[in-house]
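**Q** What follows is a single structure, and I will ask about it in a moment.
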Amino acid sequence: MTNTLILAVLVMAIIIAVRYLAVSGAFAWATARRGVIAGPADPKKRRVQISNEIRWSLISAVIYAIPAGLALESWRSLGWTQLMTSIDTPLQAAWFPLSILVYLFLHDTWFYWTHRWMHQPWLFKAAHAVHHASRPPTAWAAMSFHPWEAISGAVLIPALMFLIPIHVGALAVVMLIATIMGVTNHMGWEMFPKAWVDGWFGRHMISASHHEAHHRHYNCNYGLYFRFWDKVCGTDRGLANWSRQA
Ligand SMILES: [Zn+2]
Ligand SMILES: [Zn+2]
């Protein structure tokens, strides 16, 4: 068990690191192709910031791999998780899309409250200053967290896998959304059409325009996927205008 657990953690670390490099690399490339300069305007500062973002993100990949590997091995060897590999009833079919929403909402809730907590002055420097050292962030900042913050971000989805049934396909959708939004919310430009951002989608969902304002002002826009908690708690400051790119 110990050996297979170590192997599972190692495999997860490689998968998470490669996924980070591939997705952040792809969006950093798309950013450059668009002619947008994400990160500090000074090229030397930008290079230093990006190398720091990559270093912290790769350390985070190893931290994320520990609970993920543990959950994977519990599922594979012991059958302890609530992961499903087949859909046998109409109820299970209906649960597939619903479980995606439930996981995203709980992840968003966890993120909002732990994120707000980490903005308390006594905790900010120790746990969250690394992420805010990206001023403004780039696509490489997706997992640029201090290890304390990485631990808080790593535990929730593996823990939910033990508590709330989800099909592996639905979990893959959740991970895909988490990965893409983590990268694109930091990349320095809005990828969704203006009509979407100004419409229903932008009023309820978080995209780069919303998270950019968090990186500028610190004390607002704490959410991850939805603007729900920010609106309920009065911390929503609206969307960044992208004059920086003009
Ligand atoms: Zn951020
Ligand atoms: Zn923050």
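**Q** State all residues of region 121-141 that are in contact (Cβ under 8 Å) with a residue 12 or more places away in the chain, among the aliphatic types (A, V, I, L, M), assigned to a helix (DSSP H, G or I) and surrounded by fewer than 21 Cβ atoms within 10 Å (Cβ to Cβ); if no residue qualifies, say none. Show your work before the answer.
**A** Taking region 121-141 and keeping what is in contact (Cβ under 8 Å) with a residue 12 or more places away in the chain, we get 126-141.
Those left that are additionally among the aliphatic types (A, V, I, L, M): 126-127, 129-130, 133, 139, 141.
Those left that are additionally assigned to a helix (DSSP H, G or I): 126-127, 129-130, 139, 141.
Across region 121-141, the qualifying residues are ALA126, ALA129.
**Q** Kindly indicate the residue of region 8-24 that is more than 20 Å from ILE151 (Cα to Cα) and touching a residue at least 40 places away in the same chain (Cβ under 8 Å) and also surrounded by the fewest Cβ atoms within 10 Å (Cβ to Cβ) among those meeting that condition.
**A** Only one residue fits best here, namely VAL23.
**Q** Something else now. Any idea which of (1) outside any helix (DSSP H, G or I); (2) under 19 Å from PRO158 (Cβ atoms) is the one SER86 doesn't satisfy?
**A** Status for SER86: all satisfied but (2).
Residues checked against (1) within 16 Å of ligand 1 (Cβ to nearest atom); (2) surrounded by fewer than 14 Cβ atoms within 10 Å (Cβ to Cβ):
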| site | (1), (2) |
| --- | --- |
| THR85 | no, yes |
| ALA93 | no, yes |
| PHE105 | no, no |
| ARG116 | yes, no |
| HIS119 | yes, no |
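**Q** Let me ask another. Criterion first (more than 20 Å from THR109 (Cα to Cα) and either modelled with pLDDT of 95 or more or in a strand (DSSP E or B) (or both)) does GLY169 satisfy it?
**A** Values: more than 20 Å from THR109 (Cα to Cα): yes; either modelled with pLDDT of 95 or more or in a strand (DSSP E or B) (or both): yes.
Spelling it out, GLY169 is indeed more than 20 Å from THR109 (Cα to Cα) and either modelled with pLDDT of 95 or more or in a strand (DSSP E or B) (or both).
**Q** Does any residue in region 142-163 that is closer than 20 Å to ASN185 by Cα come within less than 9 Å, Cβ to Cβ, of a residue that is among the charged types (D, E, K, R) six or more places away or on a different chain, and which pairs are these?
**A** ALA142/GLU53; MET143/GLU53; SER144/GLU53; SER144/ARG55
**Q** A further question on this structure: Give me a count of the residues in region 181-226 that are touching a Ser or Thr at 6+ places or on another chain (Cβ under 9 Å) and without any contact (Cβ under 8 Å) to a residue 12 or more places away in the chain.
**A** The qualifying residues number 2.
**Q** Moving on. Among the residues of region 185-215 satisfying the criterion of being of a type in the set (A, V, I, L, M, F, W, C), crowded, with 18+ Cβ neighbours inside 10 Å and in a helix (DSSP H, G or I), which is nearest to ligand 2 (Cβ to nearest atom)?
**A** Our first condition is that a residue be of a type in the set (A, V, I, L, M, F, W, C); within region 185-215, this holds for 187, 189, 191-192, 195-197, 200-201, 205-206, 208, 213.
This time we only want the ones that are crowded, with 18+ Cβ neighbours inside 10 Å, so: 187, 189, 197, 206, 208, 213.
Now restrict to residues that are in a helix (DSSP H, G or I): 197, 208, 213.
On the way: VAL197: 21, ALA208: 15, ALA213: 11 Å.
Per the stated criteria, the residue is ALA213.
**Q** Only residues in region 165-180 that are in contact (Cβ under 8 Å) with a residue 24 or more places away in the chain count as the first member; pair them with residues that are loosely packed, with under 15 Cβ neighbours inside 10 Å and part of a helix (DSSP H, G or I), Cβ under 8 angstrom, at least 6 apart or cross-chain, and list the lot.
**A** Final answer for the pair search is HIS167/GLN92; ALA170/PRO97.
The values are calculated or read from the model by the stated rules, or taken from the named source; none is laboratory data. Since this is a predicted model, take the numbers as computed values, not measurements. Quick reminder, even Gly has a Cβ in these numbers, built from the backbone with ideal geometry, and neighbours come from all protein chains shown.
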